[in-house]
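Reading through the structure tokens given below for one structure.
The values are calculated or read from the model by the stated rules, or taken from the named source; none is laboratory data. In this text the structure is predicted, and so the values were computed from the model without any measurement. Positions of Cβ are backbone-derived with ideal geometry, glycine not excepted, and every protein chain shown enters the neighbour counts.
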């Protein structure tokens, strides 16, 4: 399905229509049905698609505004500004993005989003599939006195989004819509409801006692927050987002979100159909009365949840306060780290209940270990033609391993892996530069080089750069400028020259101008595809002291290839083609291109008992770097054009 066809599908106003959507897509549909009029995001997997879809549909809906914000705190601040005019606002981010937004988030809870509504849709990442940690953001809801709902499938993603807007508006509280990676990326049937027109903002009414959080006003707003949260507790008691599945057993299960799916499948696997299950949709505030009613006739409760024992602690507290005579277990049997799955839940339930699972998990683990030992692991790698690979290669040729390398969040985190091994630490967005600056004040006998992407620099790198300049740090900052937020789906940045709605912008932000405005005197821009030029820039930077900034500018190879491929196919139809060829008779098998540069388009094979290298034409992007670094006299790699005389036809 093309993007245009998908937009038509998700915008169709046919209540009762059933479609297959992912969780992210269902959240978008739910927001549209709820009358959202203002959407902001900083893209982050697994929630990137929420913003990406809105970037395409916002022009189709009159009164709907969308933006890619420079970071998550800007996104939430912009969204609450719209809410304070009466708009229904949605802000999307990944779980660690809430760390960035937290400074504003806590105080926004004091003021509340009324007269509008504010929903924070965020994707959590148990297992760290695309993140530097797997923090449990339910604790943000606890500390901020903010309601949090957890859908378990795409239908609930849509329905809970609508409910979250209604809850936010009614309670004058932001609402967190928290879903894990499986829920957001999984597909399921969704039944459409009616589309409501965007609930647009009308005007901003001044109210210092609501919006100006300073001194006694902040204290007054804190008291008002606690009063509103008590109403949220009453709301949770009556909400149909919480469901009870009846059963006759004296052992019951309390669960929520994606873990609910694992529980139901695990019970089926074990052949247990009489255990009552309480599925919480509103996880915070937990419905105290519902917990009491569910527990009254039970001797034991098993709490199944991903990551920390958040629900378990609440249930134990309620049981203690109400004097309930019921055993409560949870994290003794289900891990507090990594992603849950059906097998883990089966094993945990079987231990608690004293039943034997149908699978022999000891045998499965033994077999998995044996299989794993026989195969070479497939590590993630840079794409063919990635300019970051060329930049790293050039730096390593100049400095070798005699440097301290600061990493950051983005595609270039792969620099930590072979063949480069050029990342010594990764913490969070923007931290690579500041940590490197700290090291530079202590370590004087090695070059200190920090990497940061263009989007990450605009997101969190500018304050660190100003601080490094102000405090006379001694380091080289390499800004890997590939023009896009490449790691999370190729969203534009202020430096791309394209707006949040895919229209040309003028002027685009120039990173070198920002860097110079921060006080950096040594600034060089180079093209990573020109290896000699890159090495010269790096060598020159090493000759200077203080903060030096190199900007490696070349568009993401995937984006460039997407534009170039149709033209290439058209030329092929006319009998014109260009190829990079590695000639075996010239190749000295030094493996510089294969091992040290590590291009995945260069392969090794055995022909007539002899090892040879060759270029896989379908993967080659014609970056020309391999030809430049070839050590064979010749070189062994050359570009050839088939029927070049037809180019003028």
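Kindly indicate the residue of segment 327-340 that is more than 19 Å from residue 314 (Cβ to Cβ) and surrounded by fewer than 18 Cβ atoms within 10 Å (Cβ to Cβ) and also farthest from the chain's Cα centre (by Cα) among those meeting that condition.
Step one: list which residues in segment 327-340 are more than 19 Å from residue 314 (Cβ to Cβ), which gives 335, 337-339.
Cutting the leftovers down to surrounded by fewer than 18 Cβ atoms within 10 Å (Cβ to Cβ) gives us 335, 337-338.
Numbers: 335: 23, 337: 19, 338: 16 Å.
Across segment 327-340, the extreme among qualifying residues is 335.
In this structure, does residue 425 turn out to be assigned by TED's automatic domain parsing to the domain that holds residue 470 and buried (at least 18 other Cβ atoms within 10 Å of the Cβ)? Step through it out loud before you land on a result.
On the way: assigned by TED's automatic domain parsing to the domain that holds residue 470: yes; buried (at least 18 other Cβ atoms within 10 Å of the Cβ): no.
So residue 425 does not fit the description; no.
Could you look through segment 440-453, keep only residues that are touching a strand residue (DSSP E or B) at 6+ places or on another chain (Cβ under 6 Å) and farther than 20 Å from residue 410 by Cβ, and pick out the one that is surrounded by the fewest Cβ atoms within 10 Å (Cβ to Cβ)?
446
So if I check each of 330, 323, 289, which one is touching a helix residue (DSSP H, G or I) at 6+ places or on another chain (Cβ under 6 Å), more than 28 Å from residue 186 (Cβ to Cβ) and not assigned by TED's automatic domain parsing to the domain that holds residue 229?
On the way: 330 fails: more than 28 Å from residue 186 (Cβ to Cβ); 323 fails: touching a helix residue (DSSP H, G or I) at 6+ places or on another chain (Cβ under 6 Å).
Result of the check over 330, 323, 289: 289.
Which residue, of 224, 228, is over 19 Å from residue 77 (Cβ atoms), assigned to a helix (DSSP H, G or I) and either in contact with a helix residue (DSSP H, G or I) (Cβ under 7 Å, 6 or more places away or on another chain) or not assigned by TED's automatic domain parsing to the domain that holds residue 163 (or both)? Don't jump to the end; show me each part of the working.
Working: 224 fails: either in contact with a helix residue (DSSP H, G or I) (Cβ under 7 Å, 6 or more places away or on another chain) or not assigned by TED's automatic domain parsing to the domain that holds residue 163 (or both).
Of 224, 228, the one residue that is over 19 Å from residue 77 (Cβ atoms), assigned to a helix (DSSP H, G or I) and either in contact with a helix residue (DSSP H, G or I) (Cβ under 7 Å, 6 or more places away or on another chain) or not assigned by TED's automatic domain parsing to the domain that holds residue 163 (or both) is 228.
If residue 497 satisfies all but one of (1) surrounded by fewer than 16 Cβ atoms within 10 Å (Cβ to Cβ); (2) out of contact with any strand residue (DSSP E or B) (no Cβ under 7 Å at 6 or more places or on another chain), what's the number of the condition it fails?
In the conditions (1) surrounded by fewer than 16 Cβ atoms within 10 Å (Cβ to Cβ); (2) out of contact with any strand residue (DSSP E or B) (no Cβ under 7 Å at 6 or more places or on another chain), residue 497 misses (2) alone.
Under 7 Å by Cβ, and 6 or more places apart or on different chains, what pairs join a residue from segment 458-470 that is outside the structural domain of residue 548 (by TED's automatic domain parsing) and at positive phi with one that is assigned to a helix (DSSP H, G or I) and surrounded by fewer than 18 Cβ atoms within 10 Å (Cβ to Cβ)?
none
Tell me the helices (runs of 4 or more DSSP H) entirely within segment 1-114 that contain at least 1 residues that are more than 18 Å from residue 490 (Cα to Cα) and more than 19 Å from the chain's Cα centre (by Cα). Let's see the steps before the verdict.
Numbers: elements: 3-11, 23-33, 48-57, 72-83, 97-111.
Result: 3-11, 23-33, 72-83, 97-111.
Can you say whether residue 190 is surrounded by 14 or more Cβ atoms within 10 Å (Cβ to Cβ), at pLDDT 95 or above and in a strand (DSSP E or B), as far as the supplied structure shows? Talk me through it step by step, then tell me what you get.
Values: surrounded by 14 or more Cβ atoms within 10 Å (Cβ to Cβ): yes; at pLDDT 95 or above: yes; in a strand (DSSP E or B): yes.
Criteria met by residue 190.
Residue 233 - would you say it is surrounded by 13 or more Cβ atoms within 10 Å (Cβ to Cβ) and in the same structural domain as residue 166 (by TED's automatic domain parsing)?
yes
Identify the residue in segment 142-152 that is surrounded by fewer than 23 Cβ atoms within 10 Å (Cβ to Cβ) and touching a residue at least 40 places away in the same chain (Cβ under 8 Å) and, among all such residues, is nearest to the chain's Cα centre (by Cα).
142
Restricting to strands (runs of 3 or more DSSP E) lying wholly in segment 538-649: which have 2 or more residues that are assigned by TED's automatic domain parsing to the domain that holds residue 511 and in contact with a strand residue (DSSP E or B) (Cβ under 9 Å, 6 or more places away or on another chain)?
Working: elements: 547-553, 577-582, 602-607, 610-615, 637-642.
Because the criterion is at least 2 residues that are assigned by TED's automatic domain parsing to the domain that holds residue 511 and in contact with a strand residue (DSSP E or B) (Cβ under 9 Å, 6 or more places away or on another chain), the strands (runs of 3 or more DSSP E) in segment 538-649 that meet it are 547-553.
For the list (1) surrounded by fewer than 24 Cβ atoms within 10 Å (Cβ to Cβ); (2) in contact with a strand residue (DSSP E or B) (Cβ under 7 Å, 6 or more places away or on another chain); (3) within 16 Å of residue 182 (Cα to Cα), I need the number of the one condition that residue 136 fails.
Of (1) surrounded by fewer than 24 Cβ atoms within 10 Å (Cβ to Cβ); (2) in contact with a strand residue (DSSP E or B) (Cβ under 7 Å, 6 or more places away or on another chain); (3) within 16 Å of residue 182 (Cα to Cα), only one is false for residue 136: (2).
Among the residues of segment 514-525, write down those that are surrounded by fewer than 21 Cβ atoms within 10 Å (Cβ to Cβ) and either more than 19 Å from residue 467 (Cβ to Cβ) or in contact with a strand residue (DSSP E or B) (Cβ under 7 Å, 6 or more places away or on another chain) (or both). Quick ask: steps written out before the conclusion?
Applying the first criterion (surrounded by fewer than 21 Cβ atoms within 10 Å (Cβ to Cβ)) to segment 514-525 yields 514, 516-525.
Those that are surrounded by fewer than 21 Cβ atoms within 10 Å (Cβ to Cβ) and either more than 19 Å from residue 467 (Cβ to Cβ) or in contact with a strand residue (DSSP E or B) (Cβ under 7 Å, 6 or more places away or on another chain) (or both): 516, 520, 522, 523, 524, 525.
Which condition number does residue 307 fail, the rest of (1) in contact (Cβ under 8 Å) with a residue 12 or more places away in the chain; (2) over 21 Å from residue 268 (Cα atoms); (3) out of contact with any helix residue (DSSP H, G or I) (no Cβ under 6 Å at 6 or more places or on another chain); (4) assigned to a helix (DSSP H, G or I) being met?
(4)
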